[in-house]
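Encoded as structure tokens, the structure appears first; notes follow it.
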Amino acid sequence: MLDVYIRTQDAPGVVNACLLLAANSKASDLHIEPQSQGWQIRQRVDGLLHPVVFLPQVLGNAVLVRVKLLAQLDIGEQRKPQDGSFQTTINQNQLDIRCSTLPGHLGEKLVMRIQNRNIGSLQLSQLGMSQQQLSVLHQCLEAPQGMLLVTGPTGAGKSITLYAALQSLLQPQRNVMSVEDPVELVMAGMHQVAPAPHIGVTFAQVLRALLRQDPDVIMLGELRDAESADMAIKAAQTGHLLLSSMHTNTALEAITRCYGLGIDLQGLSYCLQLVVNQRLLRRLCEDCKKPLSSTQLKQLHTPQWRQVEADYGAEFGISAPSQAVGCSRCYGGYKGRIGVFELWSIDDHQRQQIAQGLQPDKSEHQHLGTQNIYHQGLARVLAGQTGIDELKRVLV
Ligand SMILES: [Zn+2]
């Protein structure tokens, strides 16, 4: 279909065809990029960018203008960055599309972030946690107050974990509220607020107002500044369950980051219950994956491997470890993603260390054994669900 629109120089047709392709491939972003000879369109699927089509200069320009019009951006303005959004329905799915432009040497680059409103049911049990981890998480979510932090780099799936946790808490007897910048997923049954700094409504202001709205559960999209972190800690000490995320590579780093913010450490040590660290690994395509050769398997048989087999074999299964091949139904041998997790429940000893601003004992942390994130990734390799290359790409 895309070729027909390109041949007929139909810019709206090209935009629609690209959005349809993105929706079908479950892409998270579409990039429209100026190059010296024309325009490159790429889409991000399961965390990686893939080229979609290369457009001639004139058509590419028209496509850029078309998207800017849809997002209600000023098409005459090409020197300043702009942000906008629009909604569209594809295959009965409502898509929220946030657009941002950035002028550059060769012209404006435009990125569309695509959010599907109907992402199906969000179940904690489907994220990829082990049974042991799920029970630790449920225990934390059942508490009337306290703080749960989800950590990981960009694109590690932190938001989905938070939304799934909220979904499990949405009941008529609870008032569930969130401050998010921006609201990524609209959830029925909870009140979600986005700060509006352009009219002077900051994250901290929204949070202050929200605390007067009799909440039981509060989700803060991200803990970034000292003011909102301090308010969050106070809320989590006074009868509210607080869920948030932090952009750190490890669970321990979240504590160091809190120290850096200069927040009330006594309060933090009192309310912090659980830190989740996570990553997303691409799933091997079931249609084309190929078992590892006996030589490749031999290289994997380290003592660590045998430990993982003992810890997870029964739960995740031991089918043949496999490698990516690639077919018409996937992207380079991968399709979809699965989460791997490490859960750190703060114990009394570590609580004391946090109160004093000390680095919590790492030995205690690593003592969690089967909850080590790399081990869990290896278990998914063992189960033939992801490749060893993918694990090394994401977690080394
Ligand atoms: Zn395939």
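Here the label points at Gln304 and Asp287, each 7 Å from Cα along the C-beta direction, are separated by 3.4 nm in the simple model. Here the Karplus curve 6.51 cos²θ - 1.76 cosθ + 1.60, taken at θ = phi - 60°, turns the phi angles of segment 82-87 into couplings of 9, 10, x, 7, 8, 10 Hz, with x standing for Gly and Pro. Maximal additional length on extending the Lys392-Asp214 stretch stands at 59.5 nm, based on 0.36 nm per residue less the C-alpha distance. When the C-alpha to C-alpha distance is required to be over 20 Å, the pairs from Lys158/Lys289; Lys26/Lys392; Lys109/Lys158; Lys80/Lys109; Lys26/Lys158 that qualify are Lys158/Lys289; Lys26/Lys392; Lys109/Lys158.
So for the chain, averaging the separation of alpha carbon pairs under 8 Å that are six or more residues apart and normalising by length, what relative contact order in percent results? Reported as a whole number, the value is 13 percent.
Can you tell me the length gained on complete extension of the stretch Glu315 to Leu20, counting 0.36 nm per residue apart and subtracting the Cα distance? It would help to have the intermediate numbers written out before the result.
Working: separation 295, 0.36 × 295 = 106.20 nm, distance 3.75 nm.
Using 0.36 nm per residue and subtracting the Cα-Cα distance, I get 102.4 nm.
Taking a ≥ b ≥ c as the square roots of the eigenvalues of the Cα gyration tensor of segment 2-116, is the shape rounded (a/c under 1.5), prolate (a/b larger than b/c) or oblate? Rounded, since a/c falls under 1.5. Normalised by 2.2 N^0.38 Å, where N is the number of residues, the C-alpha radius of gyration of segment 242-378 stands at 1.34. With the cut-off at under 15 Å, measuring from each backbone N in segment 315-345 to a point 7 Å along the Cα-to-Cβ line of Leu297 picks out 318-323. Look at the Cα gyration tensor of the chain: its axes a ≥ b ≥ c give a/c of at least 1.5 with a/b at or below b/c, and that counts as oblate.
Computed from backbone phi with θ = phi - 60° and the Karplus coefficients 6.51, -1.76 and 1.60, the 3J(HN,Hα) list for segment 197-208 is x, 5, 10, x, 9, 8, 4, 5, 5, 4, 4, 4 Hz; x is used for glycine and proline. The Thr238 and Gln37 beta-carbon pair, evaluated with R₀ = 56 Å, returns a calculated FRET efficiency of approximately 0.40. Near Gly239, once Lys and Arg are set to +1 and Asp and Glu to -1 for all other residues with Cβ below 15 Å from its Cβ, the sum equals 0. Only helical runs count toward this figure. For the chain, summing -39,500 (n - 2.57) over DSSP H runs of n ≥ 4 and dividing by all residues gives -11000 deg cm²/dmol at 222 nm. A straight chain from Ala196 to Ser328 at 0.36 nm per residue would run longer than the Cα-Cα distance by 43.2 nm. Note on segment 121-168: Rg/Rh from C-alpha atoms, Kirkwood Rh, equals 0.94. Could you compute the FRET efficiency for Thr256 and Gln205, with r as their C-beta to C-beta distance and R0 at 30 Å, rounded to 0.05? For R0 = 30 Å, the calculated efficiency reads 0.60.
No lab work stands behind these numbers, since they all come straight from the coordinates. Computed from a prediction, not measured in an experiment: that's the story for all the values here. Methodologically, a virtual Cβ is constructed for each residue, glycine included, from the backbone with ideal geometry; neighbour enumeration extends over all protein chains shown.
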